[in-house]
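In what follows, a structure is listed as structure tokens, so that the remarks can point back to it.
The values are calculated or read from the model by the stated rules, or taken from the named source; none is laboratory data. None of these values were measured; they are calculated from a predicted model. Positions of Cβ are generated from backbone atoms using ideal geometry, with glycine treated the same way; all protein chains shown enter the neighbour counts.
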Amino acid sequence: MIALKVCILAALSLSLALAAPPADNNESFDDIGPTESPNAPHCHKLTKSNKYMDTGFWKKFFKHWIPFTSSARVKMQFYLFKRDFPDCGRELFPGDDATLERSGFDARHPTRIIIHGWMSQGKGSLNRDVKSAYLSLTKPKEQLNQDSNEVNVVELPHYEDFNIIVCDWSKISSNVNYFGVADMVEHLGTLLAEFVNHLHMRANLQYDDVYLIGHSLGAQIAGSAGKQIRPYRFNTIYALDPAGPKFREQSDEYRIDASDARYVESIQTSTGLGFEQPVGHATFYPNFGRDQKKCYMYGCSHKRAHDYFAETINSTRGFWGIRCERMSKHNWILLDNDGEFRMGGEPSNPKNGTFYVKTYDKPPYAMGPRERLTEPPAMEPERTTEVYH
């Protein structure tokens, strides 16, 4: 799928890629909004019907292809998944109190909102993997007894339940004109902020119980929503390789930064599509934040950010970072005496600084903590390691 998308994108002329999409006579930013509530509940599944050809995505893609615009009304949709219906999302509609009441949304449970990126969609691997990782924490861990062939519970669930909400904005993200899509981030952030406000007003959702998990342009949308939800604050934003093109030179007012939530943590895995400079309170650089191990296809390192994050949620090993200083693009100083800091995870664990993380080259990627002294000798001088890569 990724290879096919890349081949199509590579075939575009530069002028086409940079052109802004013309507005439809009957379509404006004011038209962006949720779909109308259906009369009957609809089951939204994240599983793909075909491994190699996702028909739904390509229908949306080619609506933007010729004449490079879509007559369809742009939509942002929200699907709720919980322990009792982990594979059958229920659509939520801002302003529709009856549907919300029937949905099973429960403000007593933590709310996690997942936002995909450009050229991705609601059924993408980000949503499938992160949703499943969170809901795995609501189930007991079981182990087969080899002697009796009985299944025994070895660990009780960590959480009673979650409200996992998948934000599907593929009506826009499927547009091949990246820069035209990037221009809509603020409007998409408005829709997301209005949706969360609806849950607050109608279902007693507390903003401090909300995490936003955004990948690529989804991270920029999360930041925009954080700015627009003020004076309230989200608890945490996880920015997974936030989109760099068009945003690197922007001021904090127009891209994700530490002020967008009580705690903002970024996992940066590529420099071509992401950021080199730190973003948020804590920035983790797996494998120095550049080309990830055994990533040979364009976009692979960018995608690896959400692969790592999904694993952080329920990994027994965990991803552990060493505080570091980036002296230049290829010269890093690792501050060995500062201990190690866990990347990602549930719940979030606020920290400040930049951190280097080493991973394996295939799943499971987490290496766990290094062997180290639990209490370093008093007055020991700072130990540093200078690394060139």
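Tabulated data
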read-out	value
Search result, residues across segment 310-331 that are among the hydrophobic types (A, V, I, L, M, F, W, C) and at pLDDT below 90	M327
So R83, is it over 14 Å from the mean Cα position of the chain (by Cα) and either buried (at least 18 other Cβ atoms within 10 Å of the Cβ) or touching a residue at least 60 places away in the same chain (Cβ under 8 Å) (or both)	yes
Contacts under 9 angstrom Cβ, first residue in segment 136-159 being under 23 Å from I313 (Cα atoms) and charged (D, E, K, R), partner surrounded by 10 or more Cβ atoms within 10 Å (Cβ to Cβ) and at pLDDT 90 or above, 6 or more apart	K139/R83; K139/P157; K141/P157; E155/P140
Unique residue being over 24 Å from G344 (Cα atoms) and either modelled with pLDDT of 95 or more or within 15 Å of the chain's Cα centre (by Cα) (or both) when the list is H215, H200	H200
Segment 234-253 residues that are without any contact (Cβ under 8 Å) to a residue 24 or more places away in the chain and surrounded by fewer than 17 Cβ atoms within 10 Å (Cβ to Cβ), paired with ones that are outside any loop (DSSP other than H, G, I, E, B) and not aliphatic (A, V, I, L, M) (beta carbon under 8 Å, 6 or more apart)	D252/S259
Verdict on G289 being buried (at least 19 other Cβ atoms within 10 Å of the Cβ) and free of Cβ contacts under 8 Å to residues at least 24 places away in the same chain	yes
Within segment 264-360, strands (runs of 3 or more DSSP E) holding 2 or more residues that are within 17 Å of D241 (Cβ to Cβ)	282-286, 320-326, 353-357
Selection count, segment 117-139, where residues are more than 21 Å from H302 (Cβ to Cβ) and either buried (at least 24 other Cβ atoms within 10 Å of the Cβ) or of a type in the set (V, I, T) (or both)	2
Residue match in segment 178-187 (condition: touching a residue at least 24 places away in the same chain (Cβ under 8 Å), under 22 Å from V264 (Cβ atoms) and among the small types (G, A, S))	yes
Residue ID - nearest to T111 (Cα to Cα), chosen from residues in segment 332-351 that are at pLDDT 95 or above and touching a helix residue (DSSP H, G or I) at 6+ places or on another chain (Cβ under 9 Å)	E346
Leading residue by the ranking (farthest from I165 (Cα to Cα)) among those in segment 131-152 that are in contact with a Leu (Cβ under 9 Å, 6 or more places away or on another chain) and not hydroxyl-bearing (S, T, Y)	E150
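Each row is one residue, and each column tells you yes or no for (1) at pLDDT 70 or above; (2) part of a helix (DSSP H, G or I); (3) under 29 Å from G226 (Cα atoms); (4) out of contact with any strand residue (DSSP E or B) (no Cβ under 8 Å at 6 or more places or on another chain).
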position: T35; (1), (2), (3), (4): no, no, yes, no
position: K51; (1), (2), (3), (4): no, no, no, yes
position: L80; (1), (2), (3), (4): yes, no, yes, no
position: D129; (1), (2), (3), (4): yes, yes, yes, yes
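Conditions (1) crowded, with 22+ Cβ neighbours inside 10 Å; (2) without any contact (Cβ under 8 Å) to a residue 12 or more places away in the chain; (3) over 27 Å from S132 (Cα atoms), marked per residue:
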position	(1), (2), (3)
A310	yes, no, no
S315	no, no, no
R323	no, no, yes
H330	no, no, yes
D338	no, no, yes
P350	no, no, no
V357	yes, no, no
